[in-house]
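Note sheet for the following structure.
The values are calculated or read from the model by the stated rules, or taken from the named source; none is laboratory data. In this text the structure is predicted, and so the values were computed from the model without any measurement. Glycine also receives a Cβ, built like all others from the backbone with ideal geometry; neighbour counts cover every protein chain displayed.
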Amino acid sequence: MNAILAVASKEFQDGLRNRWFVSITAVFAILSLGLSYYGAAASGGEGGGSLSSTIASLSSLAVFLIPLIALLLSYDSFVGEQEAGTLLLLLTYPLSKGQLLLGKFVGQGAIITLATALGFGSAAVMIGFQSGFEGVFAAFGLFIVTATLLGLAFISVAYVISIAVNEKSKAAGIALLVWFFFVLVFDLAVLAALVGVDDGLTQQGLVNVMMFNPADVFRLINLAALDSGDVNGVIAVAINSSQSITVLMTIMVAWILVPLTVARVVFANKKL
Amino acid sequence: MTASIVSMTNVSKHFQQLKALNNISLQLAEGEVLGLFGHNGAGKTTMMKIILGIEKTSSGDITIFGRDPQSKQAWQDRRHIGYLPENVSFYDHLTGVEVLSYFAKLKSVPRRQVAELLELVGLTHAMQRQVKTYSKGMRQRLGLAQAFLGEPKLLLLDEPTVGLDPTATQEFYHSVDRLKQRGASIILCSHVLPGVEQHIGRAMILSGGRAIAIGSLAQLREQASLPVIIQTQGISAQLNSDPLLASFIKDNGSLHVQEHEKISTLKQIMSYDGITDVSVEAASLEQLYQYYLSNATAIKELSNATAFKGVA
């Protein structure tokens, strides 16, 4: 237990030290404030947009940004230490591979969690002062929780990559490909299957396929809670036949636990 | 017989086709210092990893502190093992004291040892600086401080003196001797370390995953029957006319004698009044190393496939 805490606090301090924490928090805060003030401008409106349109725009942006940030934060977590030689050294300490993995996850997860809560939370508070607190915390609360889960899911995915490869540059490349796949290619492919292939995908089938992409699950949860007027694309189709929020949240959590378990297994079989 | 700290019996390790270690047997007692020599790829690092419990053996038995290093019970023993890997570069953005505190926490070592060890390796003045500003030697000293954490009962040091200046090397050997006196067993792993002879009790020479020689330096010299070289000054004319000594004279005027003939030869030399200086040089570790390596290569060439039994 002490060992896990020691690793976690080191990872957390690393995140503070190399300005990851400050940058992520600032990006999130600026993003959400900017969108809430100027979001309506795109549709010709003036002043603050509606809360649901703010959340909708935020979700669309967060779904690109958060996975990228999480992957960049964690892709070299293991392979970096392997190249430096400290991974081998750490494993000669009274520290199991599982403890190391968990410690890193807790530390880096805390960075993402706090940055999300502070960044989006501060924006929520400011929007609240501007246009009343009613509904703001409920909408932002759900958004912050799911954004955190999304970040944690991609940290776990990054660990699988970081443990599976032996070179940092390779890990970086694969991390970018994974990001590209989940935020762009996946949706395009689903859309193509939906439109291009007759009877290729039923609506229910579509939703089921989207469970294989944590980014889509994130969007489903957030957008399903909003007025559907602000939502379009594949998501709009999916929302109509969406699962309950509990099921979707469970799937989000599974997207954290399954890659972590995979990372643990790959780690156990890794040769140093 | 006191229980061995490290006990290996016919340990082999295979990576697919590659035989990284082949039938290694070793007993390391408490307070014993073993030099583990061999060139790159000889199996030194694999052997260390097996002792540390990072690699499993393919066959053979190994116990560390009387326990299988892979077992759950061996877990707490790791606090009594110190390891300095080859080419380790610590967290660059942390300061020296932060790096050492992290490792101390992982080993559940009291914090005060951090300052003591930094003092011991002479890094106190730089402990608040980031490791990326450290020179090669300073990094190596930080690594040593890390290995010394928790007063280990078993120390494995991979190329410990690389990058150290002569003073730091001397201080390093002092630390080794002190730990040895406290009963720590130490394995020093290297190509060949100049000046290591006085500090090791036994040497093991690895080549191609086999132990081609193991024993104390005296035993190894005996087996290798490398000559002791005696240089004299002021009596070269007398030497050539002395029937006993003349036969030992080599081209450069020095005498090459076997270990057992050393004393009688020296007595003979001392009987000449003209002698002004004499130096006696036993085969160095490096010469022994070369001898056993070339020996092993020769035998390998003779019988490529048949197993070669280690000298000891």
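Take the conditions (1) of a type outside the set (Gly, Ala, Ser); (2) within 14 Å of another protein chain (Cβ to nearest Cβ); (3) buried (at least 17 other Cβ atoms within 10 Å of the Cβ); residue A:83 misses just one of them, which is (3).
Restricting the range B:187-243 to residues that are on the phi > 0 side of the Ramachandran plot and in a loop (DSSP other than H, G, I, E, B) leaves a set whose member that is nearest to the chain's Cα centre (by Cα) is B:195. Sort out which residues of the range B:288-302 are under 18 Å from residue B:258 (Cβ atoms) and either modelled with pLDDT of 85 or more or in the same structural domain as residue B:237 (by TED's automatic domain parsing) (or both), and write them in order of number. Hits for the range B:288-302 are B:288, B:291, B:292.
Scanning the range B:49-76 for residues that are outside any loop (DSSP other than H, G, I, E, B) and either within 8 Å of chain A (Cβ to nearest Cβ) or buried (at least 21 other Cβ atoms within 10 Å of the Cβ) (or both) turns up B:49, B:50, B:51, B:52, B:62, B:64, B:75, B:76. Of everything in the range A:92-110 that is surrounded by 20 or more Cβ atoms within 10 Å (Cβ to Cβ) and within 10 Å of chain B (Cβ to nearest Cβ), the residue that is nearest to residue A:154 (Cα to Cα) is A:103.
Among all residues of the range B:108-118, there is none that is closer than 20 Å to residue B:157 by Cβ, within 13 Å of chain A (Cβ to nearest Cβ) and polar (S, T, N, Q). So which residues in the range A:182-221 are polar (S, T, N, Q) and surrounded by fewer than 19 Cβ atoms within 10 Å (Cβ to Cβ), if there are any at all? Passing the criteria: A:202, A:203, A:204, A:208.
Residues in the range B:23-47 that are of a type in the set (S, T, N, Q) and within 19 Å of residue A:271 (Cβ to Cβ) were compared, and the one that is modelled with the lowest pLDDT is B:40. Consider residue B:53 carefully, then state whether it is free of Cβ contacts under 8 Å to residues at least 40 places away in the same chain, assigned by TED's automatic domain parsing to the domain that holds residue B:139 and either over 19 Å from residue B:210 (Cα atoms) or of a type in the set (A, V, I, L, M) (or both). Criteria met by residue B:53. Residue B:133 fulfils the conditions (1) farther than 27 Å from residue B:296 by Cβ; (2) at pLDDT 90 or above; (3) surrounded by 16 or more Cβ atoms within 10 Å (Cβ to Cβ) except for a single criterion, (3).
Here residue B:33 meets the list (1) surrounded by fewer than 19 Cβ atoms within 10 Å (Cβ to Cβ); (2) away from chain A (no Cβ under 12 Å) almost entirely, failing just condition (1).
The helices (runs of 4 or more DSSP H) found wholly in the range A:159-272 include none carrying at least 3 residues that are of a type in the set (Lys, Arg) and modelled with pLDDT of 95 or more.
Among the residues of the range B:36-64, just one is touching a helix residue (DSSP H, G or I) at 6+ places or on another chain (Cβ under 9 Å) and of a type in the set (Asp, Glu), namely B:55.
Given the options A:53, A:57, A:32, name the one that is part of a helix (DSSP H, G or I), at pLDDT below 90 and touching a Phe, Trp or Tyr at 6+ places or on another chain (Cβ under 9 Å). When all the criteria are applied, what remains is A:32. For the range B:219-230, a residue qualifies if it is in contact with a helix residue (DSSP H, G or I) (Cβ under 8 Å, 6 or more places away or on another chain) and touching a residue at least 60 places away in the same chain (Cβ under 8 Å), and the qualifying residues are B:220, B:221, B:224, B:226.
Looking across the range B:174-218, just one residue is without any contact (Cβ under 8 Å) to a residue 40 or more places away in the chain and crowded, with 19+ Cβ neighbours inside 10 Å, and that is B:179.
What are the residues in the range B:92-105 that are assigned to a loop (DSSP other than H, G, I, E, B) and facing another protein chain (nearest Cβ under 7 Å), if any?
Scanning the range B:92-105 gives a single hit, B:93.
If residue A:48 passes every condition in (1) small (Gly, Ala, Ser); (2) modelled with pLDDT under 95; (3) assigned to a helix (DSSP H, G or I) but one, which one does it miss? Only one criterion in (1) small (Gly, Ala, Ser); (2) modelled with pLDDT under 95; (3) assigned to a helix (DSSP H, G or I) is unmet by residue A:48, namely (3). Scanning the range B:77-87 for residues being closer than 21 Å to residue B:163 by Cβ, within 7 Å of chain A (Cβ to nearest Cβ) and crowded, with 19+ Cβ neighbours inside 10 Å gives a total of 2.
If the condition is being out of contact with any helix residue (DSSP H, G or I) (no Cβ under 7 Å at 6 or more places or on another chain) and surrounded by 14 or more Cβ atoms within 10 Å (Cβ to Cβ), then the range A:6-16 contributes A:13, A:14.
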